[in-house]
């Protein structure tokens with residue numbers, strides 16, 4: 001293969017800590033073709049476009065020091081539009097945030113204050129009934145969503161009640177990564193964990209904050225505009241009708257939540273990613 005380095009990014013649907021997700025299934029597929037291809041998986045639960053962009057761009061910039069542009073590919077799955085990250089190193093705020101993790105409404109994440117490599121150089125663990133959170137005690141990138149987690153981010157969400165500002169920030173990061181890859185002649189592919197990251201922009205493109213960014217999205221880089229969840233949900237419903245099975249809905253989706261299971265991730269790779277990469281001569 002001409003491609004020697006592949007960088008992936010996303011949220012929990014692309015989680016680098018879980019081997020069932022599509023990045024690892026794609027890696028297994030490619031390793032059977034060329035075992036020398038290097039992978040860097042940077043997906044992490046609950047992170048939004050800002051961290052997906054920053055982590056992928058850092059990894060691409062580093063890769064360009066070792067590989068030729070035509071030997072690098074960046075493949076991301078965009079996350080929820082309202083997810084926002086803050087870099088926090090103030091110990092008073094860090095302690096407030098850690099204390100807030102015991103509240104029932106806390107955002108369900110397993111890692112906080114990581115760096116742009118998903119590392120926790122000064123790792124500690126906070127135990128809670130919804131699952132432990134590993135964190136860097138001296139701070140780092142803090143992931144939030146909708147202001148539901150604690151008061152540190154609530155002012156930000158209160159001041160940005162308009163959905164268009166969230167779409168604007170989301171689209172800015174999408175365009176930044178897309179255009180950076182294009183400027184460096186690096187292959188870039190984008191996809192969506194759910195329908196909303198793309199279709200929110202399309203439906204609101206007449207809004208000033210949204211339209212000029214939506215117009216810059218390069219359709220040729222999109223693997224599928226439909227989200228992974230909706231795609232798998234649709235195929236689960238078809239399976240339900242064909243088998244008349246009460247549990248067919250969970251054939252591709254976890255029984256515990258709305259995340260794809262191993263079969264769902266495999267179907268996405270087999271149906272969507274591999275055919276498109278094959279069509280583009282990716283594996284030659």
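Tabulated values for the structure
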read-out: Filter result for residue 210 (surrounded by fewer than 20 Cβ atoms within 10 Å (Cβ to Cβ) and either touching a helix residue (DSSP H, G or I) at 6+ places or on another chain (Cβ under 9 Å) or in a strand (DSSP E or B) (or both)); value: no
read-out: Identity of the residue in the stretch 260-271, in contact with a helix residue (DSSP H, G or I) (Cβ under 6 Å, 6 or more places away or on another chain) and in contact (Cβ under 8 Å) with a residue 40 or more places away in the chain, that ends up farthest from residue 28 (Cα to Cα); value: 260
read-out: Any hit, the stretch 25-37, residues being within 28 Å of residue 167 (Cα to Cα) and either outside the structural domain of residue 171 (by TED's automatic domain parsing) or touching a strand residue (DSSP E or B) at 6+ places or on another chain (Cβ under 6 Å) (or both); value: no
read-out: Positions within the stretch 99-121 being farther than 20 Å from residue 54 by Cβ and either within 24 Å of the chain's Cα centre (by Cα) or assigned by TED's automatic domain parsing to the domain that holds residue 60 (or both), in sequence order; value: 101, 105, 106, 108
read-out: Any hit, the stretch 243-255, residues being closer than 25 Å to residue 46 by Cα, in the same structural domain as residue 25 (by TED's automatic domain parsing) and at pLDDT 95 or above; value: no
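The values are calculated or read from the model by the stated rules, or taken from the named source; none is laboratory data. Since we're looking at a predicted model, the values are computed, not measured. Neighbour counts run over all protein chains shown; Cβ positions are idealised from the backbone, glycine included.
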